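Below is one structure, written out as structure tokens; comments come after it.
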Amino acid sequence: MTARVPVLDGIPFLRAGRQALAEEARARLDAGDREGALVLLLADQDDWWRGPVAEPAALRELVRHQPRLSLRQAMELLAWGPVADYFAHRWSDPTFLAGLALLEAHWTAPRTAFELACGIGHHLRELARRGVAVAGADVVFAKLWVARHWVCPQARLLCLDAAQDWPGLGRFDLVACHDAFYFLEPKAAILARLRALRDPAHGVLAISHVHNAEAENLSAGAAVSARDMAGLLPGATFYDDAELTRALAEARAPTPSPPEALRGAEAFAAVEGPGVAAPLAVAGTLALPPQGSALRRNPLYGADGRIAWPSARYAREYGPRVTYPASSGLPETAVLGPATAEAARRRELLDLPERW
């Protein structure tokens, strides 16, 4: 008899190697203790995690008060530390913009999309706001739970390890993995699974910000070289990740690079599929929020209008490639229109979730 999978807030917990945890969460659900089951799963982390474990009392506070907490308050209770800085400010990170640029440069107006290692749903949110039916998977249940309640509530979400067998998910017009593939092993098997999800007639597989094993990285994970990646994805189109960020900022088409020319790139991206053609200009389909969106001045600007980095590490990792200026005199709020489009493009103004 197959064990029943615990499902909380519409998110099935399928993670391999966590059988005892799943059984305990399911037992608490059967006993009517949703809060207790959530506290168990929200404390679970990935195998790369070296930070503290969230306190059960903090997690109970998170579950009980979720409707009135901000995204940043939720991540503080989850004890995510520097990862919380990364997620809170990802809407203006150059790596996030590179992912948007890769998708827009090879945009085929997808109706459906799947993202592996989707985190708290930053890219899923952008696609959903353009009418795409989105699904995402991540190994950390808490990230998916945050996506559900703060970032992309309409997404279909499931918790699993990329290395395990996946349930049947169907086919998608767009399959993606952003800023995470370098952590995943075994790469060949995971790529085969991603390709199997891509619609064979017109689907696109897009993988952005892969840390390069031949270059210096702050957090290389299980990095891979562009040449080795080309062996796994023969025929794919490759980009320097920094070139994708520049293309978005400059509203132009990004220039592809042969894999052998990317030895010095900190990170690279790859895209393949029958729907892939010559890159389009990154003019605004994803590079800009939908017209009429409520905008806020980038919260990295302090009260004096100057950038205040959340940490020295954040400044080292993202500062050299950001697209927004070192200071801003723009108002705290605005609406996207002709007068604010360029500030939104350079991420001086941001389209943040309502409960950011």
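Paramagnetic label reach from Thr333 (point 7 Å along Cα→Cβ; backbone nitrogen cut-off under 16 Å): within region 291-310, residues 292-299.
So for region 294-350, averaging the separation of alpha carbon pairs under 8 Å that are six or more residues apart and normalising by length, what relative contact order in percent results? Intermediate values should be presented prior to the final figure.
On the way: 59 pairs, mean separation 29.2, N = 57.
Worked out over region 294-350, it gives 51 percent.
With a cut-off of 13 Å between beta carbons, the residues surrounding Val53 carry a summed charge of -2, where Lys and Arg count +1 and Asp and Glu -1. Which one is right for this structure if Cα Rg over 2.2 N^0.38 Å is calculated from it: (1) 0.97; (2) 0.91; (3) 1.24? The value computed from this structure is option (1). When only Cα pairs below 8 angstrom with a gap of at least 6 residues are kept, the chain shows a relative contact order of 17 percent.
Summing -39500 (n - 2.57) over the DSSP H runs of n ≥ 4 in the chain and dividing by its residue number, what mean residue ellipticity at 222 nm do you reach, to the nearest 500 deg cm²/dmol?
Working: 13 runs with 110 residues, N = 356.
Result for the chain, helices only: -8500 deg cm²/dmol.
Whole-Hz Karplus values for region 309-326 come out as 5, x, 6, 5, 4, 4, 4, 5, 6, 10, x, x, 10, 5, 9, 9, x, 5 Hz, taken residue by residue from phi with 6.51 cos²θ - 1.76 cosθ + 1.60 and θ = phi - 60°; glycine and proline positions read x.
Quick one: if the Förster radius is 22 Å, what FRET efficiency do Arg50 and Glu24 give, using the C-beta to C-beta distance and rounding to 0.05? Efficiency computed from Cβ-Cβ geometry: 0.35.
How much of the DSSP bridge set in the chain is antiparallel, in percent, rounded to the nearest 5? Percent antiparallel among DSSP bridges in the chain is about 45.
Residue separation of Arg130 and Ala315 scaled by 0.36 nm, minus their Cα-Cα distance, works out to 63.5 nm of gained length. According to the square roots a ≥ b ≥ c of the eigenvalues of the Cα gyration tensor, what is the shape class of region 257-356, taking rounded for a/c under 1.5, prolate for a/b larger than b/c otherwise, and oblate for the remainder? Since a/c reaches 1.5 but b/c is at least a/b, the shape of region 257-356 is classed as oblate. Sorting the segments 246-254, 167-175 by their residues' average number of neighbouring beta-carbon atoms within 10 angstrom, most packed first, yields 246-254, 167-175. For region 156-275, DSSP calls about 55 percent of its internal beta bridges antiparallel. Which shape class, rounded, prolate or oblate, goes with region 90-272 when its Cα gyration tensor gives a ≥ b ≥ c as root eigenvalues, a/c under 1.5 marks rounded, and past that a/b bigger than b/c marks prolate? Judged from the Cα gyration tensor, region 90-272 comes out rounded (a/c under 1.5).
From most to least packed by mean Cβ count within 10 Å, the peptides 231-243, 151-163 give 151-163, 231-243. How fast does region 1-95 diffuse by Stokes-Einstein, in µm²/s, taking the Kirkwood radius from C-alpha pairs at 37 °C and 0.692 mPa s? The diffusion coefficient I find is 224 µm²/s.
Read-outs throughout are calculated quantities, based only on the coordinates presented, and are distinct from any laboratory measurement. Quantities reported herein were computed from a predicted structural model and do not represent experimental measurements. FYI the Cβ positions are ideal-geometry reconstructions off the backbone, even for glycines, and counts take in every protein chain you see.
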